[in-house]
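Derivation of every value follows stated rules applied to the coordinates shown; laboratory data play no part. The shown structure was predicted, so the numbers you read here are calculated from the model rather than taken from an experiment. Glycine gets a Cβ as well: all are built from the backbone with ideal geometry, and neighbour counts include every protein chain shown.
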Amino acid sequence: MRYVAIVASLIGTVLFGLLVLASKLFVIPFAVCAVLVIIGVIDMMQTKHSLRRNYPILANIRFILEKVRPEIRQYFLESDTDGTPFNRNKRAIVYQRAKGQLDKRPFGTQQDVYGDQFEWINHSLVPIPPTQHDFRVTVGGPDCKQPYSLSMFNVSAMSFGALSANAIRALNKGARLGNFAHDTGEGGYSRYHREFGGDIIWELGSGYFGCRNADGTFCAEDFAKQAADPQVKMIEIKLSQGAKPGHGGVLPGPKVTPEISDARGVPVGVDCVSPARHSAFSTPLEMVHFIAKLRELSNGKPVGFKLCIGHPWEFMGICKAMLQTGIKPDFIVIDGKEGGTGAAPLEFVDHIGTPMRDGLMFAHNCLVGAGLRDTIKLGVAGRIVTGFDMARVLALGADWCNAARGFMFALGCVQAQSCHTDHCPSGVATQNPLRQKALVVEDKAGRVRRFHDNTLEALSELVGAAGLAHPKDLTPMHLLKRVSAHEVKSFAEIYTFLADRELLAGSARTFYAHAWNLAHVNSFTRLPEVKAAAEAQGQAA
């Protein structure tokens with residue numbers, strides 16, 4: 001359509017030119033039309049702004065409105081603290097850090113510091129000047145032959161197919177430039193992930209894309225071949241995702257292009273199904289043996305799993321299976337329900353799954369309480385875009401953070417929330433060739449790298465201000481939260497923390513004790529026992 005508009009404008013310019021020869025009355029409209037045509041051509045030729053390439057002339061209106069704030073925005077548009085799921089302040093800080101622009105704020109905070117839920121980190125009278133910000137964590141337990149030095153901030157799982165080819169290419173090139181990891185998402189390890197050689201976390205979902213048999217089951221031979229690629233640093237089994245835990249998906253046949261077919265190992269033009277559950281295992285015991293199998297097939301690379309916490313006894317059943325077999329994952333990623341690059345039914349988006357911080361605390365406590373935490377690393381994902389977002393979860397026990405939408409903003413995403421329509425205006429979440437052409441890989445890869453680097457630098461400054469040398473030194477005592485107008489509590493007072501091996505000794509904490517008793521290595525589903533426990537609790541009450 002944009003080419004049609006430009007051609008029409010050119011034709012109009014010629015017509016106006018002819019009219020000008022006949023009458024001087026048409027000089028002004030001719031000049032206006034000529035100026036608009038020039039602006040449109042310039043917009044299409046430039047490579048810095050995706051919106052201007054896809055929407056020549058019209059996109060400039062948006063940028064003008066951005067520039068004349070606060071007057072126009074104060075009366076007609078959202079404020080800096082409005083907007084969901086990310087407000088304008090959060091989006092702006094990503095844009096500024098990605099572009100390498102000034103990210104400071106004048107005139108004090110816009111937060112209601114005396115309102116409920118306000119959070120902060122205490123500073124020290126003897127702060128430590130930051131000396132570096134390339135914080136890393138080594139992932140790999142005793143059974144891992146190829147441990148990986150992972151950045152504390154990485155690209156979370158987003159599939160090719162959900163994101164455009166250019167978006168994947170820019171993310172991976174940015175990851176290579178910044179020396180951090182890029183999670184493939186469950187859509188397969190595509191040629192666009194391979195192009196620039198950035199470190200890869202290969203995610204295996206229930207569809208086993210890239211390593212599946214014709215009937216959709218897991219293919220060990222294809223997995224071993226793909227996992228042998230030196231670019232693949234870790235293997236992540238996706239049990240569930242925050243956007244729609246417990247929900248499968250279908251990519252309609254017409255959208256299964258040759259490129260997607262190649263990445264996923266499915267026929268062109270045929271519906272591509274992601275089941276809601278795995279076929280390679282159905283019990284906690286089978287799952288840990290599957291982890292061991294993948295570690296062996298990958299020649300000892302770190303293998304772990306990602307999930308949004310659901311029934312507590314299911315995760316605890318996995319912990320019991322680890323204890324019984326001695327087989328442990330190298331890492332676990334907790335995805336919060338506030339995660340959301342995947343489109344899902346409203347009920348799932350709003351009311352299914354555990355929020356990230358609650359899920360992190362539960363998983364951390366289970367591993368500590370079962371004596372498993374020392375050799376298993378914990379990653380988290382869920383609305384993390386700033387240094388404080390990272391500090392908050394690192395203090396609660398996370399070893400590293402992943403971000404999806406934050407890196408989408410770095411690519412030029414404007415939170416249009418049209419990811420599922422194939423009409424993404426910035427070329428990030430679309431397969432439309434014209435729309436994604438607006439996303440220039442070279443420019444956006446640099447932004448991805450700068451966003452990562454500047455966010456970690458902000459984290460290092462926060463940590464130093466607290467008088468600490470490294471983010472791993474953060475504890476729940478360092479962060480505080482206003483729980484009412486007249487009461488402030490530290491995170492250590494707000495959250496429950498289990499002692500080492502407390503679950504094995506018999507915890508006195510009712511929630512954990514009941515769930516631990518329900519957990520079993522031979523079954524995820526404990527419906528009869530859950531009903532019996534509920535009836536017993538009801539009678540006791």
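Out of these labelled values of Rg and Dmax of the Cα atoms in Å, (1) 31.6, 93; (2) 25.7, 97; (3) 24.5, 82, which was calculated from the coordinates shown here?
(2)
Please turn the phi angles of region 175-185 into ³J(HN,Hα) values with the Karplus equation 6.51 cos²θ - 1.76 cosθ + 1.60 (θ = phi - 60°), one per residue in order, whole Hz, x for glycine and proline.
Listing the rounded values in order: 5, 5, 5, x, 6, 9, 9, 10, 7, 6, x Hz.
Please list, in chain and number order, the residues 5+ apart from CYS401 or on another chain whose amide H is under 5 Å from its amide H, with Hs placed from the backbone.
Correct list: PHE153, ASN154, VAL380.
When only Cα pairs under 8 Å and 6 or more residues apart are kept, what is the percent relative contact order across the chain?
Once divided by the residue count of the chain, the mean separation gives 19 percent.
Going by amide H atoms built from the backbone, whose H comes under 5 Å of the H on GLY249, apart from near neighbours?
Hits under the 5 Å cutoff: SER274.
What whole-number distance in Å separates the alpha-carbon centres of region 179-237 and region 325-353?
Answer, in whole Å: 19.
Can you give the FRET efficiency for GLN110 and ALA505, using 1/(1 + (r/R0)^6), R0 = 51 Å, r = Cβ-Cβ distance, to the nearest 0.05?
Efficiency for this residue pair is about 0.60.
When the Karplus curve 6.51 cos²θ - 1.76 cosθ + 1.60 is applied with θ = phi - 60°, which whole-Hz ³J(HN,Hα) does each residue of region 165-172 get, with x for Gly and Pro?
4, 5, 5, 4, 4, 5, 4, 6
Taking amide H positions as placed 1.01 Å from N in the peptide plane, with prolines and chain starts having none, which residues 5 or more places from LEU150, or on another chain, fall under 5 Å of its amide H?
Counting only residues 5 or more places away or on other chains, the set is VAL137, THR138, VAL139.
Between THR84 and GLN46, 0.36 nm times their residue separation minus their Cα-Cα distance comes to what?
Length gained between THR84 and GLN46: 10.6 nm.
Could you work out the helix-only [θ] at 222 nm for the chain, with each DSSP H run of four or more residues adding -39,500 (n - 2.57) and the total divided by the number of residues, to the nearest 500 deg cm²/dmol?
Values: 22 runs with 231 residues, N = 541.
Per the formula, -12500 deg cm²/dmol.
If you take the beta carbon distance between ASN432 and LEU58 as r and set R0 to 25 Å, what does 1/(1 + (r/R0)^6) give as a FRET efficiency, to the nearest 0.05?
0.90
Please list 3J(HN,Hα) in residue order for region 348-362, calculated via the Karplus relation 6.51 cos²θ - 1.76 cosθ + 1.60 where θ = phi - 60°; whole Hz, with x for glycine and proline.
For region 348-362, the Karplus-derived couplings read 6, 4, 8, 9, 10, x, 8, x, 4, 5, 5, x, 4, 4, 5 Hz, x marking Gly and Pro.
What share of the DSSP beta bridges in the chain is antiparallel, in percent to the nearest 5?
35
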